[in-house]
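Report on the structure given below.
Any read-out appearing in this document is the output of simple, stated calculations on the displayed coordinates, not a laboratory observation. Predicted, not measured: the structure shown is a model, and the values here were computed from it. Cβ coordinates were reconstructed from backbone atoms using ideal geometry, including for glycine residues, and neighbour counts include every protein chain displayed.
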Amino acid sequence: MAPFPPSTPLHLFLFFSISISILPISESQQLQGVCGLEWDPALCSTSGKILIKGGTVVNAHNKEVADVYIQDGVIASVRPNIIVSDDVTILDATGKYVMPGGIDPHTHLAMEFMGTETIDDFFSGQAAALAGGTTMHIDFVIPVNGNLSAGFDLYMNKAKNSVMDYGFHMAVTKWDETVSEDMQVLVNEKGINSFKFFMAYKGSFMINDELLLQALERCKNLGALPMVHAENGDAVAEGQRKMIELGITGPKGHALSRPPLFEGEATARAIRLARFVNTPLYVVHVMSIDATEEIARAKMSGQKVIGEPVVSGLVLNDSWLWNPDFAIAAQYVMSPPIRKSGHDKSLQAALSSGILQVSLLPDQTYVGLYNSRSLRLVLIFTHL
Ligand SMILES: *[C@@H]1O[C@H](CO)[C@@H](O)[C@H](O)[C@H]1NC(C)=O
Ligand SMILES: *[C@@H]1O[C@H](CO)[C@@H](O)[C@H](O)[C@H]1NC(C)=O
C-alpha cells in the first residue's frame with residue numbers, strides 16, 4: 001500500500017523529513033548516537049516516558065491529528081488528547097507531521113569499490129540517516145572474491161559501530177555451485193533473504209541469461225527475493241568501445257555509452273525471466289522512462305515487480321555530466337546514468353502513483369566526491 005496519497009508531490013517528502021525531526025525517539029538507544037551531533041537537546045531526555053503532542057500522525061492507512069505516547073522506547077498509545085502525569089516529557093508537534101521512521105532499502109556504507117571507498121561508514125551514515133528521520137536501513141554485503149559468507153563476516157565487522165537497526169541484502173558478484181550452496185547458509189542461518197544480481201559490468205560482476213535463470217530459480221527455491229541491476233552489459237561494453245573510438249572518454253561518455261534503451265531492454269528481460277521462473281523481482285535504481293514502462297506493464301498484468309527509483313534519478317538531469325569542469329561532472333557519474341531532463345519528472349510521477357515503490361538515499365558517495373547529506377529524504381518502503 002502506498003504510504004502517501006497518490007497526489008503527494010515529491011517536495012512534500014522532503015518537507016516531511018525535515019519537519020518531523022522528532023521521529024527517531026521510538027528507539028531510545030538511537031538517540032544517544034545522535035544527541036551529541038546535531039539533535040535538539042530536549043529530545044535527549046533520559047525519562048522513559050515521552051508524549052508527542054498535537055502533531056498530524058501519518059500512517060500507511062490514514063492521517064490524523066493525535067498524540068503519541070511512548071514508554072521505554074515503545075509506542076504505547078496513539079490517539080487524540082492523551083492526558084499524562086508530570087514526569088512525562090512533552091514534545092509539542094503542533095503543525096508538524098509525525099511519521100514512522102523511514103526504512104532505506106539500499107545503502108552502501110563503508111563499501112570498497114574501484115579503488116576507493118564510500119564516504120560514510122556505518123556510524124556516520126546512520127547518524128545522518130537518523131537526523132533525517134530514517135531509522136532502519138538495508139545495506140548490501142559485497143562478497144570477498146565471490147565468497148558470500150566471507151563477505152557477510154566482513155560486513156558484520158564493518159557494522160560494529162552501528163547506532164540504528166540495519167539489515168543486509170547480499171550482492172552476488174559471480175555465480176557457481178559454491179555460491180548457490182552458500183546462499184542457503186545465508187538464508188537459513190544469517191537472516192539474508194534478498195540477493196542482487198548484475199546484468200551489467202561485463203567481465204566482472206555480470207551474469208548472462210543462463211546464469212541469471214539459475215539464480216532466479218535458486219532464489220525461488222529458497223524463498224528469497226532476487227534483485228537485479230538491469231542494464232544490458234554486452235551492449236554497454238559495445239557502447240563504451242564506440243565512445244573510446246570517438247575519443248569521448250570524459251563523464252558524458254559514460255552516459256552516452258549506456259543509454260536508457262539498454263536499461264529498458266534489461267529490465268524487460270529480467271521481468272520476463274522472472275515471470276518464466278514465477279518469482280517476484282526487485283529492480284534496483286530505476287533511472288529511465290524505458291525501465292519504468294516495463295515495470296508498469298508487468299505490474300498491470302499482475303506480476304510482482306518492485307521498482308526502486310533513486311534520488312539522483314528523481315531530481316537531477318544529465319546536464320551536470322556536460323559540465324566542462326571534470327571534477328564537477330565526475331560527481332554525477334553513476335550506473336545506470338542520470339538521464340536527460342524528462343526522465344526525472346516521469347520517475348517522480350511513477351513514484352507518487354505507486355508504479356515505483358521505494359526510494360533510496362543518494363548515499364553512494366565516495367571519498368573526494370560530493371557529500372550528499374543535504375539531499376537526504378525519508379525513505380519509503382513497501383512490500384509485495
Ligand atoms: C568462504 O568463506 C568462509 C568464511 O570465511 C570460509 O569458511 C569458506 O571456506 C570460504 N569458502 C570458499 C569456497 O573458499
Ligand atoms: C537540468 O538540470 C539543470 C541543473 O540542475 C537545471 O538548471 C535545469 O533546469 C534542468 N533542466 C530542466 C529542463 O529541468
What is the P(r) of the range 263-312, as percent of Cα-Cα pairs per 10 Å bin from 0?
-> 30, 59, 11, 0
Could you list which residues have their amide H under 5 Å from that of Tyr201, counting only those 5 or more apart in sequence or on another chain, with H placed in the peptide plane?
-> none
Distant-in-sequence amide H partners of Lys96 (H built 1.01 Å from N, under 5 Å) | Thr56
Report ³J(HN,Hα) in whole Hz for each residue of the range 251-268, in order, from the Karplus equation J = 6.51 cos²θ - 1.76 cosθ + 1.60 where θ = phi - 60°; Gly and Pro get x.
-> x, 5, x, 4, 5, 5, 7, 9, x, x, 3, 5, 6, x, 4, 5, 4, 4
Once amide H atoms are built 1.01 Å from N in the peptide plane, which residues 5 or more positions from His106, or in another chain, come under 5 Å H to H?
-> Ile138, Leu361
Kindly identify the range 109-161 as rounded, prolate or oblate by the Cα gyration tensor criterion: order the square roots of the eigenvalues as a ≥ b ≥ c, call it rounded if a/c is under 1.5, otherwise compare a/b with b/c, prolate if a/b is larger, else oblate.
-> prolate
In bins 5 Å wide, starting from 0, what share of all Cα pairs of the range 195-339 does each bin hold, as a percent?
-> 2, 10, 19, 21, 19, 13, 8, 5, 2, 0, 0
What net charge is computed for the residues neighbouring Lys304, neighbours being all others with C-beta under 15 Å from the C-beta of Lys304, Lys and Arg scored +1, Asp and Glu -1?
-> +3
Within-11-Å neighbourhood charge of His169 [Cβ basis; K, R +1; D, E -1] | 0
J(HN,Hα) series, the range 229-234, from Karplus relation 6.51 cos²θ - 1.76 cosθ + 1.60, nearest Hz, glycine and proline x = 8, 9, 9, 6, x, 5
With a point put 7 Å past each Cα toward its Cβ, work out how far Lys242 is from Asp165 in nm, to one decimal.
-> 4.7 nm
Inverse mean reciprocal Cα-Cα distance (Kirkwood Rh) of the range 102-375, Å | 19.0 Å
Under the Karplus relation 6.51 cos²θ - 1.76 cosθ + 1.60, θ = phi - 60°, what is the ordered set of whole-Hz ³J(HN,Hα) values for the range 77-84, x standing for Gly and Pro?
-> 7, 10, 6, x, 6, 7, 8, 10
So which lysines pass the test for Lys53, namely a Cα distance under 23 Å, with those fewer than 8 places away in the same chain ruled out?
-> Lys63, Lys96
Given a Förster distance of 41 Å, the FRET efficiency implied by the Cβ-Cβ spacing of Glu181 and Val74, rounded to the nearest 0.05, works out to 0.55
Approximate spin-label separation Asn278-Asp234, in nm, with each point projected 7 Å along Cα-to-Cβ = 2.9 nm
Charge context of Val236, other residues only, Cβ under 11 angstrom, K/R +1, D/E -1 = -1
Label points 7 Å out from Cα along the Cβ direction at Ala60 and Asp209: separation in nm?
-> 3.6 nm
